[in-house]
1. Roughly how many percent of the accessible protein surface of the chain is carbon and sulfur, given a 1.4 Å probe and a whole-percent answer?
2. Suppose every Lys and Arg Cβ carries +1 and every Asp and Glu Cβ carries -1, with no other charges. What dipole size does the chain come out with about its Cα centre, to the nearest 20 debye?
3. How big, in percent, is the set of alpha carbon pairs in the stretch 28-156 lying more than 20 Å apart?
4. So for the chain, taking the charge dipole from beta-carbon charges (+1 Lys/Arg, -1 Asp/Glu), which of 143, 55, 99 sits furthest toward the positive end?
5. Compute the length gained on full extension between residue 122 and residue 22: take 0.36 nm times their separation in residues and subtract their Cα-Cα distance, giving the result in nm to one decimal.
6. For residue 94 and residue 32 in the same chain, what is the full-extension length gain: residue separation times 0.36 nm, less their Cα-Cα distance, in nm?
7. Where only protein heavy atoms count, and the probe is 1.4 Å, what is the accessible area per residue for the chain in Å²?
8. Give the share of C-alpha pairs in each 5 angstrom bin for the stretch 90-156, from 0 to the last occupied bin, in whole percents, shortest bins first.
Amino acid sequence: MGLVSSLFRNVLGKPGASDFRDSAEHFVRVMREHGIGLTWGRDELLFVDDLVERLKGYNEYRDAVGCYLGELLARNFAGEWVPGHALGPAIRVTAEKGVKHLFPLGWVYRRADGGAEESIARKCRRDLGFPADADKLGSFTDGGERVWPPHPEVHP
């Protein structure tokens, strides 16, 4: 974390973009240590719903998964973290329908509490046009291996 952002965070008490990125990168390292090889590729969005489902009983992971989701959105859709709104920190992206604010931490909490009706993949489809079929999602086995969905845009 940079000195300036660190000072602002300590003065304002609110995390900034570098804090969310750091949390996401730490989460990826922890998951890799536990046998789930997360990456920063766009196809990871096909697995986020399953990841949330598997971790929903561990409240301490919700923010970390939200930061990971936010970084996936930022890195794959030319987005950027913007200061928190009433719905939490956001990723601002420019999509076909104009500028959108996506709320990855809120999406993770809603998916964890609301189940499949709060599908993150459907929100991504609605706001970003990916994945093409938000009902054909990937999953992880108990051993951490991926079960890839049948998607024309995915190349396992």
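1. Details: 4420 of 8440 Å².
Percent of accessible area from carbon and sulfur atoms in the chain: 52.
2. 460
3. Every Cα pair in the stretch 28-156 considered, those over 20 Å come to 40 percent.
4. The residue sitting farthest along the positive end of the dipole is 99.
5. Details: separation 100, 0.36 × 100 = 36.00 nm, distance 2.65 nm.
Computed gain between residue 122 and residue 22 is 33.4 nm.
6. Details: separation 62, 0.36 × 62 = 22.32 nm, distance 3.10 nm.
Net length gain for the segment: 19.2 nm.
7. That works out to 54 Å² for each residue.
8. 3, 16, 19, 22, 22, 14, 3, 1, 0
The values are calculated or read from the model by the stated rules, or taken from the named source; none is laboratory data. All values reported here derive from a predicted model rather than from experimental measurement. Positions of Cβ are generated from backbone atoms using ideal geometry, with glycine treated the same way; all protein chains shown enter the neighbour counts. Note: accessible area is taken over every heavy atom of the protein model, side chains too, but ligands, DNA and RNA are not part of it. Shrake-Rupley method; radii C 1.70, N 1.55, O 1.52, S 1.80 Å.
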